[in-house]
Structure formats: C-alpha cells, structure tokens
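Below is one structure; the comments refer to it alone.
Derivation of every value follows stated rules applied to the coordinates shown; laboratory data play no part. Predicted model, so just to flag it, every value in this text is computed and none were measured. No Cβ is skipped: glycine too gets one built from the backbone with ideal geometry, and neighbour counts run over all protein chains shown.
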Amino acid sequence: MPVPGIDVPGVGCGLAIVRDGKLLLYRRTRPPEAGHWNIVGGKVDHMEHSADAARREAAEETGLDFGRIDFLCLSEQIIHTDRQHWLSVIYLCDDFSGEPKVMEPDKLPEFGWFALDRLPGPLSRFTAAAVAALLERDARG
C-alpha cells in the first residue's frame with residue numbers, strides 16, 4: 001500500500017490559530033521539516049472533509065475546542081530533503097476556547113504565540129504559506 005506523502009502526494013490540512021494578533025506555533029521533532037515551527041495539522045483521512053480533519057488534528061495537538069473555522073489558503077510542499085510531497089488545505093480560526101497544551105510531547109514538544117512580525121525560525125513551508133496568506137488578508141483589510 002502506498003504511503004501518502006512519500007510514495008504518492010499526500011493530502012494534508014492545517015489550522016492557523018490566531019489570538020490577539022498572534023499565531024499559535026508548535027516546534028516539530030519529526031519529518032517532514034523536523035525542528036521547524038509549524039501551525040497544527042496533519043493528514044486528511046479518506047472520506048473526511050479537510051475542514052473536519054483540520055479541526056480534529058488541531059484539537060488532538062492543542063487540547064483546544066474550536067468553533068467556526070474559515071478557509072485560508074492551499075499550500076503545496078515538495079520537500080526534497082525528506083522526500084515528501086503534500087497538498088494541504090489550510091484554515092483559519094480565532095473562535096476557540098481553552099488554553100493550548102503540549103499534547104504530543106514526542107512530536108510537538110513546545111509552543112508559543114507569535115506576532116506575525118516576530119516569528120521564530122525556521123518556519124515550515126506549510127506555515128510560511130499560511131503566514132503569507134494571513135499577511136495578504138490583513139493588507140486587504
């Protein structure tokens with residue numbers, strides 16, 4: 001059976017979580033892009049809507065409860081160093097409750113809220129696409 005992202009392009013999802021103008025990011029420990037700062041997200045399961053997958057993955061990774069989410073952008077990541085290829089649907093959420101936690105310390109051991117003009121590095125390609133879309137959205141008003 002082919003492995004999504006490695007043997008065939010994988011379908012992923014992400015959720016850019018924003019509070020008071022700051023973006024929630026977690027540092028990854030596993031490929032692709034181990035050591036990079038990332039919005040939360042993961043794989044879209046077969047027959048699962050990408051918005052539902054984004055909500056599920058984000059809840060699993062942060063411990064937050066989510067209300068309304070909105071489409072933000074699409075991102076394609078071809079990561080030659082990790083031999084991975086992903087198409088990701090990224091959503092935006094500022095409607096949530098709770099405080100984020102480290103829920104998966106082996107995968108995402110630390111997190112923080114970061115202003116868009118003071119982001120940590122390196123950012124994953126997936127996150128860089130989300131940040132670009134957020135900045136463009138803010139510029140449009």
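All other residues whose Cβ lies under 13 angstrom from that of Leu64 are scored, Lys and Arg at +1 and Asp and Glu at -1, for a net of -3. Counted residue by residue at 0.36 nm each, then reduced by the alpha carbon distance between them, the extension gain from Arg19 to Lys107 reaches 29.4 nm.
Of all DSSP beta bridges confined to the chain, the antiparallel ones make up roughly 70%. In terms of its alpha-carbon gyration tensor, the range 1-65 comes out oblate; a/c meets the 1.5 threshold, while b/c is at least as large as a/b. Computed over neighbours whose Cβ is under 10 Å from that of Gly42, the net charge equals -1, Lys and Arg +1, Asp and Glu -1. The three principal axes of the C-alpha atoms in the range 10-140 carry coordinate ranges of 36, 34, 33 Å, sorted with the longest axis first. Residue order for Ile78, Ile69, Ile17, Ile39, fewest other beta carbons within 10 angstrom first, comes to Ile78, Ile69, Ile17, Ile39. The fewest-to-most ranking of Phe96, Phe126 by surrounding Cβ atoms within 10 Å reads Phe96, Phe126. Compared with the alpha-carbon gap, the fully stretched path from Ile6 to Ala139 is longer by 44.3 nm at 0.36 nm per residue. When you count the other C-beta atoms within 10 angstrom of each residue and take the mean per peptide, 20-27, 84-91 line up highest first as 84-91, 20-27. For the pair the range 33-71 / the range 80-94, the C-alpha centres are spaced 11 Å from each other.
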